[in-house]
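To keep things clear, I will list the structure first and then write my remarks on it.
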Amino acid sequence: MIQWRNQDDDMWEGIFQSRILRNEANQPEMFICIQNPDDANYAQRCAEHCNALPDSMLDAICMGIVKCAAQGGMVEDFELPELDNVRDILQYCWFTTLYAGNSGNGISYIAEGEGEWGEVIGFVIRNGELVYVGTEYFEA
């Protein structure tokens, strides 16, 4: 359930509890943003999708994040430790915002975050499918 906090004409911003992703404070609260107030129900469906990512999709997201972390970032002394499981990368990054974009063709959103290696990262879901993981998520 999204709690809408800011309902400006240009953009609505709310908070929802993520079951999978954590924010910078290692808490489950994530922001969610929409540009059209008519998309409030759609945003709820996006939050539900994010909370129910299939294992294969979550693993693919994590593998993409591992690749970003391995390439390095702005923090020179960050060294990616050996991970027992690909999902362990979620201990070294956080996600803050879900941008829900009603394309009319199924669930589509961008999840935005940052890694301890000093790089902004994100992933793109389009029509319910993972289409991109990396730093250029808005262009994707």
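Computed from Cα atoms, the angle from the helix 55-71 axis to the main principal axis of the chain rounds to 50 degrees.
Just checking my list (i) 40, 15, 13; (ii) 26, 19, 11; (iii) 26, 15, 14 against semi-axes √(5λ) of the Cα gyration tensor in Å computed from this structure; which label fits? Matching entry in (i) 40, 15, 13; (ii) 26, 19, 11; (iii) 26, 15, 14: (iii). Simple point charges give the picture: +1 on the Cβ of Lys and Arg, -1 on the Cβ of Asp and Glu, and for segment 39-140 a dipole about the Cα centre of about 520 debye.
Think of it as helices only: each DSSP H run of n ≥ 4 in the chain is worth -39500 (n - 2.57), and spread over all residues that comes to -6500 deg cm²/dmol at 222 nm. Could you state the angle between the C-alpha long axis of helix 40-51 and the longest principal axis of the C-alpha atoms of the chain, as a value from 0 to 90 degrees rounded to the nearest 10? Here the helix axis deviates by roughly 30 degrees. The Cα center of segment 71-140 and the Cα center of segment 1-40 differ in position by 17 Å. In loop segments of segment 1-37 as defined by DSSP, the GluC sites (Glu not before Pro) with at most 13 further C-beta atoms inside 10 Å of their C-beta are Glu24.
Read-outs throughout are calculated quantities, based only on the coordinates presented, and are distinct from any laboratory measurement. Small disclaimer: the values here were computed from a predicted structure and weren't measured. When we count neighbours, we look across all protein chains shown, and the Cβ atoms used for this are built from the backbone with ideal geometry, even at glycine.
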